[in-house]
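K.L.:
Sharing a structure below in structure tokens format, with a few things to ask.
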Amino acid sequence: MDSQKEALQRIISTLANKNDEIQNFIDTLNHTLKGVQDNSSNILSELDEEFDSLYSILDEMKERMVSSIKQEQARKSQELQWFLIFFQSQLSQCNNALENSEELLEFATRSLDIKEPEEFSKAARQIKDRVTMASAFRLSLKPKVSDNMTHLMVDFSRERQMLQTLKFLPVPKAPEIDPVECLVADNSVTVAWRMPEEDNKIDHFTLEYRKTNFDGLPRVKDERCWEIIDNIKGTEYTLSGLKFDAKYMNFRVRACNKAVAGEYSDPVTLETKALNFNLDNSSSHLNLKVEDTCVEWDPTGGKGQETKSKGKENKGRSGTPSPKRTSVGSRPPAVRGSRDRFTGESYTVLGDTAIENGQHYWEVKAQKDCKSYSVGVAYKTLGKFDQLGKTNTSWCIHVNNWLQNTFAAKHNNKVKALDVTVPEKIGVFCDFDGGQLSFYDANSKQLLYSFKTKFTQPVLPGFMVWCGGLSLNTGMQVPSAIRTLQKSENGMTGSSSSLNNVTQ
């Protein structure tokens, strides 16, 4: 019976997976069909715009050329008119010159019959003088302009040939993302790709990414949308300053030329695992105001809750006075698992995610006027009256800016003063399996202090605040600089052996 149930369960699981795979394929087809319709409409619209732009350029050129031809026509016509007016003013002189020429021609003909040499020479000199002085021989009868139009000499053969050779640019092939060349480190992701063959028409690349909690190939329908980075000129891009609040990131890229975008590359899924947690409001002291990754001291918090509770009690008892409460600890506790809310002078709040294995990192920044705060880890069994570092179930560093300034590491009610400057932001590194808890200057990655112990239970990030506030930065990878410093950290733990000799 049990074996049959197991077999049936496997069949149901297989059918469910296959159904999910088929549904994903149908979604892909619908998405592709919609993309084809949208892209074809866009391309037709862009083609109309290109040809309209070409027509407008030709119309503009035609107007400029027609204007030039008309200007030349007007100029030549004006010059010919001027020449005609001038010629008409000279017409009477031409007629007189013609009459004189005819008379001179007749006189020259008669002179040829003179036999007397002396008289013939005299007649010849007279003819020469009259010819030299005749106005008809000094007139220019050639116009200054011709009927040729220089702006008509336009050769469109090359342009016509270019227009006839217009064709669609080829669609760029899909790039190939190389997972080996991709790098995930320090909350940054570097994605590298290459083209399957050289293409000198490519203008730029478009990279798309999204966070997901699904392993393997990306789904068409996911809880997060694709983010787009456009106009990438190279074949590599780095996304920096990311918050790794999902287990994976999907990446795809496509090449674009001046006209069209190519197909997407095969998607690649990269692991971006990091510790994500918020502050657990159900564990926090009533004097702490908690919101996601921020906690702030609120001196009226407990009183407000107490007054509210008193009002409810009085109303429930039909006006009967309720007994005076001596502390906020007598308030019905908000239970988190098997522990109560912190109370008394333990102004503490824990994280909502337990660390059971692996290496993790987060950062904490205090407000400038914060008088006292602690940052560390604790077992779930930390008592509701316990303070961080004063029990053998918690480890922390403590900053005190009230009355006197102190900076110290605390564990099991033992204190180690730290002779370093309190940083603006503290980085916390927890190696659960290696039994190491280290604190760093988050900016310079300078080691502040390291605990070496053996964690026997899951630990929770822990925070104490008095008169001020803290803000957390989670979803972070262990920085590369800290990974390389781990060996040197282990070599320095001897200086803190007084705090690390208790094994839980």
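The values are calculated or read from the model by the stated rules, or taken from the named source; none is laboratory data. These numbers come from a predicted model, not from an experiment. Every residue, glycine as well, gets a Cβ built from its backbone with ideal geometry; the counts of neighbours run over all protein chains shown. Heavy atoms of the whole protein, side chains included, go into the accessibility calculation; ligands, DNA and RNA do not. Shrake-Rupley method; radii C 1.70, N 1.55, O 1.52, S 1.80 Å.
K.L.:
For segment 204-283, treating each Cα as an identical point scatterer without solvent, what Debye log10 I(q)/I(0) comes out at q = 0.14, 0.15, 0.22 1/Å?
P.N.:
-0.54, -0.61, -1.08
K.L.:
Once Lys and Arg get +1 and Asp and Glu get -1 on their Cβ, which of T348, F463, W395 lies farthest toward the positive end of the dipole of segment 328-466?
P.N.:
Farthest along the dipole direction, towards plus: T348.
K.L.:
On average, how much accessible surface per residue is there in segment 198-252, in Å², for a 1.4 Å probe, leaving out ligands, DNA and RNA?
P.N.:
60 Å²
K.L.:
Right, here's the next one. Collect residues whose amide H, placed 1.01 Å from N in the peptide plane, falls under 5 Å from the amide H of A442; neighbours closer than 5 in sequence don't count.
P.N.:
Answer set, sorted by chain and number: K425, I426, G427.
K.L.:
Can you list residues whose amide H is under 5 Å from L288's amide H, if they're 5+ apart or on another chain and H is modeled 1.01 Å from N?
P.N.:
The answer is D298.
K.L.:
From the C-alpha gyration tensor of segment 154-206, pull out the three semi-axes of the equivalent ellipsoid (sqrt of 5λ each), sorted largest to smallest, in whole Å.
P.N.:
Ellipsoid half-lengths, sorted descending, are 42, 11, 7 Å.
K.L.:
I've got another one for you. Gap in Å between the Cα centre of segment 7-37 and the Cα centre of segment 437-462?
P.N.:
Using only Cα atoms to place each centre, the spacing works out to 45 Å.
K.L.:
Over the Cα atoms of segment 1-68, what radius of gyration and what Dmax do you get, in Å?
P.N.:
29.1, 99
K.L.:
Can I ask one more? Within the set of other residues whose C-beta is less than 9 Å from the C-beta of K410, count the net charge using Lys and Arg as +1 and Asp and Glu as -1.
P.N.:
+3
K.L.:
Using a/c under 1.5 as the rounded threshold, could you call segment 425-470 rounded, prolate or oblate? The axes a ≥ b ≥ c are square roots of the C-alpha gyration tensor eigenvalues, and prolate needs a/b larger than b/c, oblate otherwise.
P.N.:
Judged from the Cα gyration tensor, segment 425-470 comes out oblate (a/c at least 1.5, b/c at or above a/b).
K.L.:
Can you give the Rg/Rh ratio of segment 391-463, where Rg is from the C-alpha atoms and Rh is the Kirkwood radius?
P.N.:
That ratio is 0.96, to two decimals.
K.L.:
Taking the highest mean first, how do the peptides 253-259, 442-448, 349-355, 28-34 order by number of other beta carbon atoms within 10 angstrom per residue?
P.N.:
349-355, 253-259, 442-448, 28-34
K.L.:
If the convex hull of the alpha-carbon atoms of segment 349-475 is projected onto planes in all directions, what is the mean projected area in square nanometres?
P.N.:
Dividing the Cα hull surface by four gives the mean projection, 7.3 nm².
K.L.:
Moving to a separate point now. Place +1 on the Cβ of every Lys and Arg and -1 on the Cβ of every Asp and Glu in segment 175-247, take the dipole about the Cα centre, and give the residue among V184, T206, L242 whose Cα lies farthest towards its positive end.
P.N.:
Working it through, the farthest residue towards the positive pole turns out to be L242.
K.L.:
Pairs K368/K414; K243/K416; K211/K425: which exceed 29 Å Cα-Cα?
P.N.:
Over 29 Å apart, Cα to Cα: K243/K416.
K.L.:
Now, a different point. Between A481 and Q164, with labels modelled 7 Å along Cα→Cβ, what's the label distance in nm to one decimal, could you check?
P.N.:
Here the modelled spin labels are 6.8 nm apart.
K.L.:
Sticking with this structure for a sec: Please list 3J(HN,Hα) in residue order for segment 358-371, calculated via the Karplus relation 6.51 cos²θ - 1.76 cosθ + 1.60 where θ = phi - 60°; whole Hz, with x for glycine and proline.
P.N.:
So the J values, rounded to whole Hz, are x, 10, 9, 8, 8, 10, 9, 10, 9, 5, 4, 9, 5, 7.
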